[in-house]
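Asker: The structure that follows is given in the form of structure tokens.
The values are calculated or read from the model by the stated rules, or taken from the named source; none is laboratory data. Nothing here was measured: the structure is a model prediction, and the numbers come from that model. All Cβ positions, even for glycine, are placed from backbone atoms using ideal geometry, and neighbour counts span all protein chains on display. These area figures cover heavy atoms from the full protein model, side chains too; ligands, DNA and RNA do not enter into them. Shrake-Rupley method; radii C 1.70, N 1.55, O 1.52, S 1.80 Å.
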Amino acid sequence: MTRRISIFGATGSIGRSTIDLIERDPDAFEVVALTGGHNVARLAEQARALRAEIAVTAHEENLDELRARLAGSGIEAAAGAAAIAEAARRPADWVMSAIVGAAGLPPGLAALETGATLALANKESLVTAGPLVLETARRHGARLLPVDSEHSAVFQGLVGEDIAAVERIIITASGGAFRDWPLDKLAEATLEQASAHPNWDMGQRITIDSASMFNKALELIETKEFFGVAPEMIEVLVHPQSLVHALVGFNDGALMAHVGPADMRHAIGYALNWPERRALPVDRLDLARIGALEFRAPDDRRWPALRLAREVMAEGGLSGAVFNAAKEAALDAFIAGQIGFLRMSEVVEEVLTRLSGDSGLIHAEITLDNVRAADDMARKTARSIIETGA
Ligand code: NDP
Ligand code: MG
């Protein structure tokens, strides 16, 4: 039986790894929609190779080029955020949500409304609107599967277990590019240095977020939302080798660790094959050769993002949407060379401080419109802090 699948963010790192897996078993899948952003050449090439029904670019100005590249193929072309959400309404069995940033939320919700199984790489969906995402899945009988490696690891650790017997969840962090840098050098870290991850090959934004720990900060919130556990039960452990992805601690003292290579095709493949396990083309670990695994506690002075995430979890409501949008605006400014590396967390903290008093904004009902309003306000506030330097 062939399965109908769509990939949102097909041209990115997760999107390409997903395609790598489905191309190995072409008769098993029928591709409905593929979406991308600026990389129109790659999107058109993917759509032709997989004989997709429709290819959508996020940017209207790319539509003519996309049409030209798809000419004669019979594949539909479309552009813009609304067209992406529209493509998510096309019936599919399995949908990969791998757009980067808050832009991933609307198509994810639209796919859940069709009852499709949603493989969620886009952690921002749960950070900005966790309760809305879960409620939408519940209401439409749609299944949500984690793709973030730590969350896939926890999910696998919980198979056959009772969540009530879980005492703690430990997600690991490599520590990113600056794990071992002297603290007083961090302020001078360049874009190029922040864009080099020691273990994982990922998109540029998540790679920089790994160096700042904003990625792990988002993942703390993602863990709380996905598994419905109290924030105090979730721990972050620095593990430089990135081979143990997460550990689930039970009330009898047992820790179930998920160990595997740093290759996202494992977590993607697990979600693709769920509830079965099937062979995947990832390296098998030789633990005798690896010899030792290291763990250490994260340093709050090096990574203030983790403390900010704890404040956001305590505040609840739409503070996750504010946090994520402020982080995205600060990251844009760092990539554009407007602010230094350490300034990112200062900007995010300042936005949280300024907007936390606005309970009409933070504690409004979690709807897509209110998430957008909180996101807009946080980006504007962040930009004004960046521009005025105060
Ligand atoms: P990439 O930057 O490699 O890819 C992002 C994808 O989203 C691309 O297809 C890009 O298009 C598209 N895109 C960018 N902006 C928009 C927009 N505004 N609207 C619609 N589409 C857009 O990111 P990753 O693959 O690394 O990450 C994707 C998601 O998965 C993120 O949420 C990330 O946190 C999460 N994730 C990633 C992991 C990884 O190993 N990479 C691990 C765990 C989670 P184009 O490139 O054509 O412009
Ligand atoms: Mg992760």
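Asker: Checking the condition among the aliphatic types (A, V, I, L, M), surrounded by fewer than 19 Cβ atoms within 10 Å (Cβ to Cβ) and in a helix (DSSP H, G or I), which residue from Ala211, Ala279, Ala164, Ala196 passes? Walk me through it before giving the result.
Answerer: Working: Ala211 fails: surrounded by fewer than 19 Cβ atoms within 10 Å (Cβ to Cβ); Ala279 fails: in a helix (DSSP H, G or I); Ala196 fails: in a helix (DSSP H, G or I).
Answer to the selection: Ala164.
Asker: So if I check each of Leu134, Leu118, which one is surrounded by 24 or more Cβ atoms within 10 Å (Cβ to Cβ), modelled with pLDDT of 95 or more and away from ligand 2 (no atom under 16 Å from the Cβ)?
Answerer: Leu118
Asker: Give the residue, chosen from Arg89, Arg24, that is closer than 29 Å to Ala321 by Cα, at pLDDT 95 or above and charged (D, E, K, R). Give the derivation first.
Answerer: On the way: Arg24 fails: closer than 29 Å to Ala321 by Cα.
Being closer than 29 Å to Ala321 by Cα, at pLDDT 95 or above and charged (D, E, K, R) holds for just one of Arg89, Arg24, which is Arg89.
Asker: While we're here: Restricting the search to the stretch 117-161, which residues are away from ligand 1 (no atom under 14 Å from the Cβ), part of a helix (DSSP H, G or I) and over 22 Å from Val371 (Cα atoms)?
Answerer: Across the stretch 117-161, the qualifying residues are Gln156, Gly157.
Asker: For residues that are hydroxyl-bearing (Ser, Thr, Tyr) and within 19 Å of Arg205 (Cβ to Cβ), tally how many sit in the stretch 315-354. Give the steps one after another, and end with the answer.
Answerer: Taking the stretch 315-354 first, the residues hydroxyl-bearing (Ser, Thr, Tyr) are 319, 345, 353.
Cutting the leftovers down to within 19 Å of Arg205 (Cβ to Cβ) gives us 345.
The number of residues fulfilling the criteria is 1.
Asker: Moving on. Of all residues in the stretch 346-359, which are at pLDDT 95 or above and open to solvent by 20 Å² or more (accessible area, probe 1.4 Å)?
Answerer: Of all residues in the stretch 346-359, those at pLDDT 95 or above come to 346-355.
Of everything in the stretch 346-359, those that are at pLDDT 95 or above and open to solvent by 20 Å² or more (accessible area, probe 1.4 Å) turn out to be Glu346, Glu349, Glu350, Leu352, Thr353, Arg354.
Asker: Which fully enclosed strands (runs of 3 or more DSSP E) of the stretch 1-103 have 1 or more residues being within 12 Å of ligand 1 (Cβ to nearest atom) and under 23 Å from Leu272 (Cα atoms)? Let's see the steps before the verdict.
Answerer: Values: elements: 3-8, 29-36, 54-57, 76-79, 94-97.
Hits in the stretch 1-103: 3-8, 29-36, 54-57, 94-97.
Asker: Among the residues of the stretch 361-390 satisfying the criterion of being small (Gly, Ala, Ser) and at pLDDT 95 or above, which is surrounded by the fewest Cβ atoms within 10 Å (Cβ to Cβ)?
Answerer: Taking the stretch 361-390 as the starting set, the residues that turn out to be small (Gly, Ala, Ser) are 364, 373-374, 378, 382, 384, 389-390.
Then keep just the ones that are at pLDDT 95 or above; that gives 364, 373-374, 378, 382, 384.
Values: Ala364: 16, Ala373: 16, Ala374: 27, Ala378: 28, Ala382: 27, Ser384: 14.
By that ranking, first place goes to Ser384.
Asker: All but one of (1) within 15 Å of the chain's Cα centre (by Cα); (2) more than 12 Å from ligand 2 (Cβ to nearest atom); (3) of a type in the set (Ser, Thr, Tyr) hold for Ser212; which doesn't?
Answerer: (1)
Asker: Next question, about the same structure. Somewhere in the stretch 233-255, is a residue part of a helix (DSSP H, G or I), open to solvent by 10 Å² or more (accessible area, probe 1.4 Å) and away from ligand 2 (no atom under 12 Å from the Cβ)? Steps first, please.
Answerer: Pass one, the stretch 233-255, residues part of a helix (DSSP H, G or I): 233.
So of that shortlist, the ones also open to solvent by 10 Å² or more (accessible area, probe 1.4 Å) come out as 233.
Filter again for away from ligand 2 (no atom under 12 Å from the Cβ), leaving 233.
Yes; the residues of the stretch 233-255 include at least one that is part of a helix (DSSP H, G or I), open to solvent by 10 Å² or more (accessible area, probe 1.4 Å) and away from ligand 2 (no atom under 12 Å from the Cβ).
Asker: Specify the residue that is farthest from Gly12 (Cα to Cα); the eligible residues are those in the stretch 64-74 that are open to solvent by 30 Å² or more (accessible area, probe 1.4 Å) and touching a residue at least 12 places away in the same chain (Cβ under 8 Å). If you could, list the steps in order and put the result at the bottom.
Answerer: So the first thing to find is which residues in the stretch 64-74 are open to solvent by 30 Å² or more (accessible area, probe 1.4 Å), and the list is 64-65, 67-69, 71-74.
Filter once more, keeping what is touching a residue at least 12 places away in the same chain (Cβ under 8 Å): 65, 69, 73.
Numbers: Glu65: 19, Arg69: 19, Ser73: 23 Å.
The residue in question is Ser73.
Asker: Any chance the stretch 219-242 includes a residue that's within 24 Å of Gly15 (Cβ to Cβ) and of a type in the set (Lys, Arg)?
Answerer: no
Asker: Can you find, within the stretch 296-342, the residue that is nearest to Ile171 (Cα to Cα) among those that are free of Cβ contacts under 8 Å to residues at least 40 places away in the same chain and assigned to a helix (DSSP H, G or I)?
Answerer: It comes out as Arg307.
Asker: Then there's this: How many residues are in contact (Cβ under 8 Å) with a residue 40 or more places away in the chain and either more than 16 Å from ligand 1 (Cβ to nearest atom) or of a type in the set (A, V, I, L, M) (or both) if we restrict to the stretch 162-174? Walk me through it before giving the result.
Answerer: Going residue by residue through the stretch 162-174, those that are in contact (Cβ under 8 Å) with a residue 40 or more places away in the chain are 163, 165-174.
Remaining after also requiring either more than 16 Å from ligand 1 (Cβ to nearest atom) or of a type in the set (A, V, I, L, M) (or both): 163, 165-171, 173.
Summing the residues that are in contact (Cβ under 8 Å) with a residue 40 or more places away in the chain and either more than 16 Å from ligand 1 (Cβ to nearest atom) or of a type in the set (A, V, I, L, M) (or both) in the stretch 162-174 gives 9.
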